[in-house]
Amino acid sequence: MEKLQLTLLFKIIGLGSASGLIYQNNSLLAIGDNSSFLYEYRMDTQQLNRHPLLKHPQENILKKLKPDFEAITQYENNLFLFGSGSTENRNTMVQVDAITKQVIATTDLSDLYLGMQSFGEIKSDDFNIEGAIYNGESWFLFNRGNGKANKNVVFTIDGANLTNEFRIVSNNYKLPKIKGVRASFTDAILVDNKIYFLATAEDTDSTYNDGEVLGSLVGRIDVKTMKIDFTKQITDTYKFEGITLFKKSITEIEFLLCEDNDTGVLESAIYTLKLQLN
């Protein structure tokens, strides 16, 4: 996995602080961590539609009030959006029909998140879910280790539901440093029993306050062993918080990434990342 190519593809005007992406039928479904809309961007017409996720949806929500949707995953015709859990008002999961874009269910994950913190030995100040995967049987939730304890953890969750019948397994990871700062998970996607993940080094020891961005990396975890196959730095400038599969061949895999610029500007850059497969 020596060769990679990172290229700016386009910018979406009207979407700020992008934190998650799904590529579907020449469209991008995206979330922003300061918004309560699901965004649908038609790549052929450059049209941006907004679909409300909560009552009285807003953009550029005050930091202390925002639901902080940081993770999105798709299984069949269902989208699942997760609040980060980094404060008490960020514990919501929203299930959305991927075709109609209508909300199917809204679930309070407070009990699950408390169980994850207890099982993973993570203090509430270090808890920050920023990636999610669902394969129809198991959930994989990624704790971003940008708190003081640097707890980069992948939780595997099985059971009947995510509210009161679940089993938790946790795996801890020590990710590489960039410019002396430990990288931390920002998103992940499952492709052929391999988890491709993003991680960013940010000069902060808080899951709440932003810091100087020092770079981002891409890596891969084998689902069977839950061990890291490789990591590779892709930038020393950008904070990438969303990854989705774009194209795949025998020799190459291509992702779309979104950058979180941590500003109130309603503009998000979308990049392509090409990786050569061994």
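The values are calculated or read from the model by the stated rules, or taken from the named source; none is laboratory data. It should be emphasised that the depicted structure is a prediction, and the values quoted were computed from it without experimental measurement. Here the Cβ positions follow ideal geometry from the backbone for every residue, glycine too, while neighbour counts run over all protein chains shown. To get the accessible areas, we keep the full protein, side chains included, count just its heavy atoms, and leave off ligands, DNA and RNA. Shrake-Rupley method; radii C 1.70, N 1.55, O 1.52, S 1.80 Å.
Looking at Asn143, Asn91, which one is surrounded by 18 or more Cβ atoms within 10 Å (Cβ to Cβ), free of Cβ contacts under 8 Å to residues at least 24 places away in the same chain and polar (S, T, N, Q)?
Going through Asn143, Asn91 in turn, just one is surrounded by 18 or more Cβ atoms within 10 Å (Cβ to Cβ), free of Cβ contacts under 8 Å to residues at least 24 places away in the same chain and polar (S, T, N, Q): Asn91.
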request  = Restricting attention to segment 1-26, report how many residues are more than 21 Å from Phe82 (Cβ to Cβ) and either of a type in the set (Gly, Ala, Ser) or not in a strand (DSSP E or B) (or both).
outcome  = 6
inquiry  = When you check Ser17 against the structure, is it open to solvent by less than 20 Å² (accessible area, probe 1.4 Å), among the polar types (S, T, N, Q) and closer than 17 Å to Glu130 by Cα, yes or no?
reply    = yes
Criterion violated by Asn261 - all others in (1) touching a residue at least 60 places away in the same chain (Cβ under 8 Å); (2) over 29 Å from Lys66 (Cα atoms); (3) part of a loop (DSSP other than H, G, I, E, B) satisfied = (2)
task = Go through Lys174, Lys179, Lys151 for me and flag whichever is of a type outside the set (Gly, Ala, Ser) and either buried (at least 19 other Cβ atoms within 10 Å of the Cβ) or under 17 Å from the mean Cα position of the chain (by Cα) (or both).
result = Lys151
remark   = In segment 42-79, anything open to solvent by 20 Å² or more (accessible area, probe 1.4 Å) and assigned to a strand (DSSP E or B) is listed as Arg42, Gln47, Leu48, Asn49, Arg50, His51, Pro52, Gln74, Tyr75, Asn78
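Answer yes or no as to whether Asp158 is out of contact with any His (no Cβ under 7 Å at 6 or more places or on another chain) and within 17 Å of Tyr75 (Cα to Cα).
yes
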inquiry  = What pairs come out if I take residues in segment 35-54 that are on the phi > 0 side of the Ramachandran plot and free of Cβ contacts under 8 Å to residues at least 60 places away in the same chain and pair them with residues that are of a type outside the set (Val, Ile, Thr) and open to solvent by less than 50 Å² (accessible area, probe 1.4 Å) whose C-beta lies under 9 Å away, six or more apart or interchain?
reply    = Gln46/Phe10
request  = Among what's in segment 189-246 and is crowded, with 20+ Cβ neighbours inside 10 Å and either out of contact with any strand residue (DSSP E or B) (no Cβ under 6 Å at 6 or more places or on another chain) or among the acidic types (Asp, Glu) (or both), pick the residue that is nearest to Ser84 (Cα to Cα).
outcome  = Thr207
inquiry  = Filter segment 105-120 down to the residues that are small (Gly, Ala, Ser) and either over 15 Å from Val154 (Cβ atoms) or open to solvent by 80 Å² or more (accessible area, probe 1.4 Å) (or both) and list them by number.
reply    = Ala105, Ser110, Gly115, Ser118
query = So which residues in segment 121-139 are crowded, with 21+ Cβ neighbours inside 10 Å and over 19 Å from Thr200 (Cα atoms)?
reply = Ile122, Trp139
